[in-house]
Amino acid sequence: MKKVTLITGVTGQDGAYLSKFLLNQGYEVHGLLRRSASADVVDARLKWLGINGKIKLHDGNLTDLSGLIRVMQEVRPAEVYNLAAQSFVKSSWQQPLLTGQVTGVGAANMLEAVRIACPEARFYQASSSEMFGLIQEPVQSETTPFYPRSPYAAAKLYAHWMTVNYRESFHMHASSGILFNHESPLRGIEFVTRKITDGVARIKLGLEKTLALGNLDAKRDWGHARDYVKAMWLMLQQDKPDDYVIATGRTASVREFCQLAFGHVGLKMEDHVVVDERFLRPAEVDVLLGNPAKAKQKLGWAPETSLEDLVGEMVEADLQRLRGQEHL
């Protein structure tokens, strides 16, 4: 029999890549889908990867515990991956209470639904490097103290500690992946990396002349989402649940990311990038750099895609989309 899994946030970047990975592993994949007015384009990422129609979708919302319990009872998953969230940091300042309800309390609802309906299921919580925020150590590991700097990060921290509490209190196989920034051609256009690669493609094709950005000096540890979803799966294959930092161990600034993207198409960022204060955060996270040693040792995981290859892949995908007038 095929192993059954349930993924929340199945139509997002990570959900799409994880779905493809699990399908290739022989899983029966179910996804939780929040109904919206844009239902005709909601599975665009699944279509991009050629897996739409291969996933069984269920209506549900992280804020509706009774609905989550019903889905759990229907699907009876062996593994549950909670990837859904209000995940855009800037929007969390504009919608702090919604972010708390969906990203924070929503994760607690998922844990409770698993505990009630299928307590033997293994649970993965998508934690975030944003929880480190105002960094307390130059390189962040599983033992580094947290210092969230946004409503999103604070909500993720609540979800993270609830996962730990459910693991310790109810003996659930619940693990958290503290994932550092991970990007791909499926990244939402509102995120700075995709905004850069889409902007570069537009400038290269003569559709735009400038690209407006915020803080060019912010530094992040950037990897490829395709590599990172494998780490999620590996966590749930372990005998004991635990928390793991997933990162590349290399940091680069937004400016450096820009230089790579413009350089990929033979342009100079200095000729096109302008700084717009509207895109600055109220409280900035200056630098994040992860130590993935534990994941390497215990999971046998290591990133496979370099930053240069990641940026090139994203730029090429945006050039392809714009030439074909496809949108994602």
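Quick one: what pairs do we get from region 75-86, first residue on the phi < 0 side of the Ramachandran plot, second outside any loop (DSSP other than H, G, I, E, B) and small (Gly, Ala, Ser), C-beta under 6 Å, 6+ apart or different chains?
Listed pairs, sorted by first residue: ASN82/ALA107; LEU83/GLY15; LEU83/ALA126.
How many residues are assigned to a helix (DSSP H, G or I) and either in the same structural domain as PRO77 (by TED's automatic domain parsing) or farther than 30 Å from ALA108 by Cα (or both) when one looks only at region 173-192?
Result for region 173-192: 0.
Can we say ASP43 is touching a strand residue (DSSP E or B) at 6+ places or on another chain (Cβ under 9 Å), surrounded by fewer than 16 Cβ atoms within 10 Å (Cβ to Cβ), farther than 23 Å from LEU236 by Cβ and charged (D, E, K, R)?
Values: touching a strand residue (DSSP E or B) at 6+ places or on another chain (Cβ under 9 Å): yes; surrounded by fewer than 16 Cβ atoms within 10 Å (Cβ to Cβ): no; farther than 23 Å from LEU236 by Cβ: yes; charged (D, E, K, R): yes.
Criteria not met by ASP43.
Between SER91, SER127, which is closer than 15 Å to LYS156 by Cβ, surrounded by fewer than 19 Cβ atoms within 10 Å (Cβ to Cβ), under 18 Å from the mean Cα position of the chain (by Cα) and polar (S, T, N, Q)?
Details: SER127 fails: surrounded by fewer than 19 Cβ atoms within 10 Å (Cβ to Cβ).
Exactly one residue qualifies, and that residue is SER91.
Looking only at region 271-287, filter to residues that are in a loop (DSSP other than H, G, I, E, B) and either touching a Cys at 6+ places or on another chain (Cβ under 8 Å) or at pLDDT below 95 (or both); which one of those is surrounded by the most Cβ atoms within 10 Å (Cβ to Cβ)?
Only one residue tops the list, namely VAL285.
Are any of the residues in region 102-116 of a type outside the set (A, V, I, L, M), over 15 Å from ILE7 (Cα atoms), in contact with a Leu (Cβ under 9 Å, 6 or more places away or on another chain) and assigned to a loop (DSSP other than H, G, I, E, B)?
no
Is there a residue being among the hydrophobic types (A, V, I, L, M, F, W, C), at pLDDT below 95 and crowded, with 19+ Cβ neighbours inside 10 Å anywhere in region 172-188?
Kept after step one, since they are among the hydrophobic types (A, V, I, L, M, F, W, C), are these residues of region 172-188: 172, 174, 178-180, 186.
Filter once more, keeping what is at pLDDT below 95: none.
Among the residues of region 172-188, not one is among the hydrophobic types (A, V, I, L, M, F, W, C), at pLDDT below 95 and crowded, with 19+ Cβ neighbours inside 10 Å, which makes the answer no.
The values are calculated or read from the model by the stated rules, or taken from the named source; none is laboratory data. Here the structure is a predicted model, which is why all the values come from computation and not from measurement. Every residue, glycine as well, gets a Cβ built from its backbone with ideal geometry; the counts of neighbours run over all protein chains shown.
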